[in-house]
Amino acid sequence: MQHVSADNDRVAQWCAAHPVLLAFGLCAFGLAVVAAVWGFGILTPATATVIAFIYVACLGGFLMEYLGINEFIRGVRFLWFVLTGVWWLLTFWRA
């Protein structure tokens, strides 16, 4: 059994080539569904807000990882750790 369907080959290639658009589209679809369910009165405004926040946070996390922002943040944290360690050694080692 193959994991790739021959019928959806074109769709799978598009999704692989455009992951940001796919993630944005899925997030927008999820937000639209939450807004519709909230509009029908099934969800309270607080619940709809929490669900919408989760959707947007997931999109933001994906974009941070995809665009390499997390690597930059890790680099800054490491540099800060090294500089703080050197400062601590120079300041408190003599004391």
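The values are calculated or read from the model by the stated rules, or taken from the named source; none is laboratory data. Everything numeric here is computed off the predicted structure, so don't read it as measured data. Counting neighbours? That spans all protein chains shown, and the Cβs are built from the backbone with ideal geometry, glycine included. SASA here: full protein model, heavy atoms, side chains in, ligands and nucleic acids out. Shrake-Rupley method; radii C 1.70, N 1.55, O 1.52, S 1.80 Å.
Give me the pairs, please: first residue somewhere in segment 68-83 and surrounded by 10 or more Cβ atoms within 10 Å (Cβ to Cβ), second residue anywhere and part of a helix (DSSP H, G or I), beta-carbon distance under 6 Å, and either six or more positions apart or on two chains.
Hits for this filter: 70/64.
For segment 44-67, what are the residues that are open to solvent by less than 40 Å² (accessible area, probe 1.4 Å) and either farther than 26 Å from residue 15 by Cβ or not hydrophobic (A, V, I, L, M, F, W, C) (or both)?
Hits for segment 44-67 are 48, 60, 61.
Among the residues in segment 10-17, are any out of contact with any strand residue (DSSP E or B) (no Cβ under 7 Å at 6 or more places or on another chain), assigned to a helix (DSSP H, G or I), of a type in the set (D, E, K, R) and exposed (fewer than 10 other Cβ atoms within 10 Å of the Cβ)?
Within segment 10-17, one or more residues are out of contact with any strand residue (DSSP E or B) (no Cβ under 7 Å at 6 or more places or on another chain), assigned to a helix (DSSP H, G or I), of a type in the set (D, E, K, R) and exposed (fewer than 10 other Cβ atoms within 10 Å of the Cβ).
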